[in-house]
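First comes the structure, then the notes that go with it.
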2 protein chains.
Amino acid sequence: MASLEPRTSNLELDNHLYPVIMAGGSGTRFWPLSRQLFPKQLLRILGEDTLIQQTMRRVVCASAPNRVLISTNPAQAESIRVQLSEWKEALAENFVLEPEGRNTAPAIALVALELLRRDPDAIMLVVPADHIVTGQRAFDAAVSLAATLAGQDYLVTFGIKPIRPETGYGYIRPNLKMTLGTESRLKGHPVSRFVEKPNATKAAQYLKAGDYYWNSGMFVWRATTILDEIRRHQPALSRGIERIGQLIQAGATRQAIDDAYRTLTPVSIDTGVMERSKKAAIVPVSFQWSDVGSWGSLDEVAPKDKGGNVVIGRVVDIGSRRSIVYGDRRLVATIGLTDMVVVDTPDATLVCPKSRAQDVKQLVEILKKQNAPEHLEHLTVQRPWGSYTILEEGLGYKVKRVTVNPGGRLSLQLHHRRSEHWVVITGTARVTRGDEVFDLKVGHSTEIPIETPHRLENPGQETLHIIEVQNGPYLGEDDIVRFQDDYGRGVKREA
Amino acid sequence: MASLEPRTSNLELDNHLYPVIMAGGSGTRFWPLSRQLFPKQLLRILGEDTLIQQTMRRVVCASAPNRVLISTNPAQAESIRVQLSEWKEALAENFVLEPEGRNTAPAIALVALELLRRDPDAIMLVVPADHIVTGQRAFDAAVSLAATLAGQDYLVTFGIKPIRPETGYGYIRPNLKMTLGTESRLKGHPVSRFVEKPNATKAAQYLKAGDYYWNSGMFVWRATTILDEIRRHQPALSRGIERIGQLIQAGATRQAIDDAYRTLTPVSIDTGVMERSKKAAIVPVSFQWSDVGSWGSLDEVAPKDKGGNVVIGRVVDIGSRRSIVYGDRRLVATIGLTDMVVVDTPDATLVCPKSRAQDVKQLVEILKKQNAPEHLEHLTVQRPWGSYTILEEGLGYKVKRVTVNPGGRLSLQLHHRRSEHWVVITGTARVTRGDEVFDLKVGHSTEIPIETPHRLENPGQETLHIIEVQNGPYLGEDDIVRFQDDYGRGVKREA
């Protein structure tokens, strides 16, 4: 994936470049494939890698992996660590957690503070975790020019050439009379105008005008510059952030820092700072970009069949055209669809015309209000030791397939209200049950009575799969008392 | 459900009336809800009862349950017996099995032969198992008049007043100048003309003409009359049927009779006999009728929401119109559909415009060619003792939920290639394992090793549910050696 071109950028600037992956989004518009606890960045939408893995590979071309910071929240951090486990050690100390979402400005300020602690000359390359970019060389060249301009105290954004009159993006008009810098065929300019999501008429005008660019949501700036500009344009936010900085320096508790963060007013970096700053600059770029903002946008990035359909999974079709059909393990059969979206997951199916794909967000809001589990997470849930999949739930029982990676082990735990049965279907299970420790092979089973401390471990080289049958009046994941955990998850001892 | 009107029919005729439920259809057009081994007649499409249960209730108003004959095939007989278990004893000897489908004429001839053996004056009321009829009184009146005409040697069909220019049905024109009989407001006439599935122009003409009726596929005739008319118009078929009659009288083996049946040429009773016979008569009826021939036809019979949608199951919708959305246990989310069909089952999902609903048949043909299990049966399979549902299958394992009715028990059996684990989730299981017999309560489990004779039984009043985990290199249902079975299923002893 690394660029084969000679690197053209200033080495000294590169040495201060820190990619920041913004990975706190919820991605409701890709439901039912994305869930609140499994957002779009974790999806394998195109190619072998998930979107956040693709993003990580993209930015480590311009920097070392241990320079990459991940801005996310506690609910998503675990899944992201699992997906980025290839860079596990490099990233170990590089997660900056927002206690809760406050839009992009506070999140960026928090990362800027952390970077200043590490390097007063830090330059941030801020990229969303869930976009698709094609053209690594073009991306690297844009980063390089932007970093040069950032060194001159500009807030640099990447401008994408519009290809349709999209009303969902912001538009930026550069002041083309003034060039701030050049590199290869790229030029940087001051921004003459920002326009937030225009109406259809305006969007068509901007497309026709030819000198408006989409705001890609990727930015390059010095940590000091962005904090200065936040201070200038969002003084209240800035005071809140400074207080948090002081708390961090004074070694305050996590709780105190989180409480301070929660008092911040949500502000987006675009409307709160970029649109107001005199230091805004734009580098119109040449790489291909998509924010894959909805099921409909898969069209722009995914390969199509003869009928113009994007078809993923086990699908049998008769004569559909320009549709998106996403199947999982089950069979999806379609006849004569035109411009439709069908997404089939183990616990939820979505059907809508492409033109209504943006309304999936509204649908997820309805599910949230109904407290429907399908908005929150998948039947398969990732864990640091592997994953589990709920096969069936009914009154008084739950059936799971549990997958434990080689060397992985679950916490030493007990349950007050349920017994469990484990049957090994692949691999070898090392079972701790009360005072006993024993190994179970394929086709063998054990019972874990209520209140019995137990642990499941995979001592082998092969992945372990077991079927777990739970019985009891209450089967929530929160009926767990942990005595020891390899992954630093809350170990409680009850009174 | 019984008519409250005084019965107007001739009692003597009633005494010879035998309803014949034609239950051999495969119903591919209701896939994925119907399957080859679970055809439309077994579906609960409207109301509490399945279509065959509704049909049974309808015909026992005109006759005693032990007068009802069921014409079906061995693959479907078990499921039908389960669904008609309310009349278990009355129907015990009344299943007439075709060894394989030869269209309606041979099936009807076979039943006529059987009826002649029981009652030389038998009058048959032939009804498909999978149609919907609304208006019991009107149905009873039509049967009564038709039986009178059948007593005069007519082959009587029920004519339905067309409500749209349907091209999928046959049309019948009565000779209105001649009345064969009257009862209440109904009249019987000779048939002047049959037209098989016309084109759209002709269908529109017939609808406009006002004196054409749809052929409902329901018939009333004497067993001797229909056999005579088969002899006249289908002499080859008649000779085959006579040979089968002789075999039956001579006490031939099932195998010999089946072999003879397989040599018959498939012929439909409509085109092969009714359209050729001079004895054809028609009773235009007043009850409402639908053959629910495809998903699109649900419109005619099912209640609709404000948007004109037929919605069944757990569905969340934003603004759909005139669509049919059928969900099962999983969530189905729809946005802005117009005239669409969405059917979601545990292992297959169908999406198509209503206008293409007839093409589901073609889709099932493709699945059949692909040998896809989804064309054949559901993940839930009915058995005489209860049912089982496949929760997951993978390499070397299968997970099932097994449901055993109170008092039900599986055969005493063993498997050569798999071990099994049973965990009780509801009720009490009586387990035979080798020489042991013991009871298992909720939350307890047992292992059944390979080659060990075993049996599962529900000794309680409550339904028993267990989770069964199978392990082994081969997990087909045919790895079974049965030693004893309560339901007369093949008991083998291996050498």
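What separates the B:ASP439 label point from its copies, with the point 7 Å along Cα to Cβ, is 4.0 nm, written shortest first. Here's how it looks for B:VAL96: its modeled amide H is under 5 Å from those of B:ILE70, B:SER71, B:THR72, which are all 5 or more places away or on a different chain. Per-residue 3J(HN,Hα) values for the stretch B:50-64, derived from phi via the Karplus relation 6.51 cos²θ - 1.76 cosθ + 1.60 with θ = phi - 60°, read 6, 4, 6, 5, 4, 4, 4, 4, 5, 7, 6, 5, 9, 6, 7 Hz in sequence order (x marks Gly and Pro). Between copies, the label points of B:ALA236, set 7 Å from Cα on the Cα→Cβ line, lie 9.1 nm apart, reported in increasing order to one decimal in nanometres. Relative contact order, whole percent, for the stretch B:295-367 stands at 23, derived from Cα pairs under 8 Å and 6 or more residues apart.
Charge tally for B:HIS378 (other residues, Cβ to Cβ under 12 Å; Lys, Arg +1; Asp, Glu -1): -3. Counting only alpha carbon atoms, the long axis of helix A:104-118 and the longest principal axis of chain A meet at about 90°. Helix B:235-249: angle to the longest alpha-carbon principal axis of chain B, degrees 0 to 90, nearest 10? Tilt of helix B:235-249: around 50 degrees. Show which lysines lie in cross-link reach of B:LYS187 when reach means a straight Cα distance below 17 angstrom and same-chain residues fewer than eight apart are skipped. By straight Cα distance, B:LYS187 reaches B:LYS161, B:LYS177, B:LYS279. Sorted from shortest to longest, the distances between the B:ASP479 label points of this copy and the other copies are 3.4 nm, with each point 7 Å from Cα along the line through the beta carbon. Using Cα pairs closer than 8 Å and at least 6 residues apart in sequence, work out the relative contact order for chain A, in percent. Dividing the mean separation by the residue count of chain A yields 13 percent.
Compared with the rule-of-thumb size 2.2 N^0.38 Å for a compact globular protein, chain A has a Cα radius of gyration ratio of 1.07. Residue ranges A:32-43, A:409-420, B:428-439 sort as A:32-43, A:409-420, B:428-439 when ordered by packing (mean number of other C-beta atoms within 10 Å per residue, highest first). Taking the square roots of 5 times each eigenvalue of the Cα gyration tensor of the protein assembly as shown, largest first, gives ellipsoid semi-axes of 67, 38, 22 Å.
Computed from phi, the 3J(HN,Hα) profile of the stretch B:377-383 under the Karplus parametrisation 6.51, -1.76, 1.60 (θ = phi - 60°) reads 8, 8, 5, 9, 10, 6, 10 Hz, with x in place of Gly and Pro.
Taking every DSSP beta bridge that has both ends in the protein assembly as shown, the antiparallel portion is near 70%.
Annotation: amide H of B:GLY386 within the under-5 Å range of B:ASN405, sequence separation 5 or more or interchain, hydrogens built in the peptide plane. Structure note, pairs A:LYS398/B:LYS354; A:LYS369/A:LYS400; B:LYS368/B:LYS398: Cα-Cα distances above 31 angstrom occur for A:LYS398/B:LYS354. Put simply, the amide H of A:ILE324, placed in the peptide plane, has neighbours under 5 Å in A:VAL310, A:MET340, A:VAL341, A:VAL342, leaving out anything fewer than 5 places away on its chain. Each label point was placed 7 Å from the Cα along the Cα-to-Cβ direction; for B:LYS368 and B:ARG314 their separation is 3.4 nm. Counted by neighbouring Cβ atoms within 10 Å, the residues B:TYR213, B:TYR388 run from fewest to most as B:TYR388, B:TYR213.
Between the residues A:GLN205, A:TRP221, A:LEU186, the greatest Cα displacement towards the positive end of the dipole of the stretch A:149-262, with unit charges on the Cβ of Lys, Arg, Asp and Glu, is found for A:GLN205. Chain B residue nearest the rotation axis toward A, with distance: B:LEU391, 2 (Cβ to axis, whole Å). At an R0 of 25 angstrom, the distance between the Cβ atoms of A:VAL301 and A:LYS197 translates into a FRET efficiency of 0.70.
On a 0 to 90 degree scale, rounded to 10, what angle separates helix A:136-151 from the longest Cα axis of chain A? Here the helix axis deviates by roughly 60 degrees. Its alpha carbons considered, the stretch B:295-367 gives a radius of gyration followed by a Dmax of 11.8, 36 Å.
Per-residue 3J(HN,Hα) values for the stretch A:78-91, derived from phi via the Karplus relation 6.51 cos²θ - 1.76 cosθ + 1.60 with θ = phi - 60°, read 5, 4, 5, 4, 4, 5, 9, 5, 4, 10, 3, 6, 4, 8 Hz in sequence order (x marks Gly and Pro). Per residue of A:462-475, other chain Cβ atoms within 10 Å of the residue Cβ number 3 on average.
Where a number appears in this text, it was derived from the coordinates with a stated rule and is not lab data. If you're wondering where the values come from, they're calculated on a predicted model, not measured in any experiment. Please note: Cβ atoms are built from the backbone with ideal geometry, for glycine as well, and neighbour counts cover all protein chains shown.
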